[in-house]
Amino acid sequence: MEQVPIVGLDLAKRVFQVHGATADGGIVIRKKLSRGQVLAFFADLPPCVVAMEACATAHYWAREIGALGHNVRLVPPAYVKPFVKRQKNDAADAEAIAEAA
């Protein structure tokens, strides 16, 4: 797999959306994960920056993903909103989170 410097993770109740981007903005990963697949996915990924919107469960996921060797950044939702390019959905949010970080 190509080196992924930044991953945007959109948190939800059941299905999480992952968006991996290169330094120049190219898309490397665009994937849906269930709650049980998240830690296994990040365990297989080389250490990178993982950005997620700050919310109620973001601190839990930040601790768990950070323990796998990743650098986790929590981004306030107000900083993410200007980067949403099209209709609001989980995939667009994950891309906006990666860009905002």
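For the chain, report the translational diffusion coefficient in µm²/s to the nearest whole number, using Stokes-Einstein at 4 °C, 1.567 mPa s, and a Kirkwood Rh over Cα pairs.
98 µm²/s
Arg73's amide H: which non-local residues (gap 5+, or another chain) put their own amide H closer than 5 Å, with H modeled 1.01 Å from N in plane and none for Pro or chain starts?
Val50, Ala51, Met52
Given the DSSP H assignment, sum -39500 (n - 2.57) over each helix run of at least 4 residues in the chain and divide by its residue total; what's the result at 222 nm in deg cm²/dmol, nearest 500?
Details: 4 runs with 31 residues, N = 101.
Roughly -8000 deg cm²/dmol at 222 nm, from the helical runs in the chain.
Compute the label zone of Arg30 within region 57-100: residues whose backbone N is under 19 Å from the point 7 Å along Cα-to-Cβ.
Residues 83-100 fall inside that zone.
For region 6-100, with only Lys/Arg (+1) and Asp/Glu (-1) charged at the beta-carbon, what is the dipole magnitude about the Cα centre, in debye rounded to 20? Can you show the working numbers first?
Working: 12 positive and 9 negative charges, 64 e Å.
My answer is approximately 300 debye.
At 1.4 Å probe size, with the rest of the protein present, what percent of the exposed accessible area of region 6-100 is carbon and sulfur atoms? Please list the in-between numbers first.
Numbers: 2830 of 5200 Å².
Carbon and sulfur together cover 55 percent of it.
Straight-line reach from Lys31: which lysines have a Cα under 18 Å away, not including same-chain ones fewer than 8 places off?
Partners within reach: Lys13, Lys88.
Rounded to the nearest 5, what is the percent of antiparallel bridges among the DSSP beta bridges in the chain? Before the final figure, lay out the partial values.
Working: 12 of 21 bridges.
Of the beta bridges lying entirely in the chain, close to 55 percent run antiparallel.
Return one whole number: the accessible area per residue of the chain in Å², for a 1.4 Å probe.
Values: 5680 Å² over 101 residues.
Per residue, the chain has an accessible area of 56 Å².
The values are calculated or read from the model by the stated rules, or taken from the named source; none is laboratory data. Worth saying up front: this structure is predicted, and the values here are computed from it rather than measured. A quick note on method: Cβ atoms are made from the backbone with ideal geometry, for glycine too, and the neighbour counts reach across all protein chains shown. The area values use the complete protein model at the heavy-atom level, side chains included, leaving out ligands, DNA and RNA. Shrake-Rupley method; radii C 1.70, N 1.55, O 1.52, S 1.80 Å.
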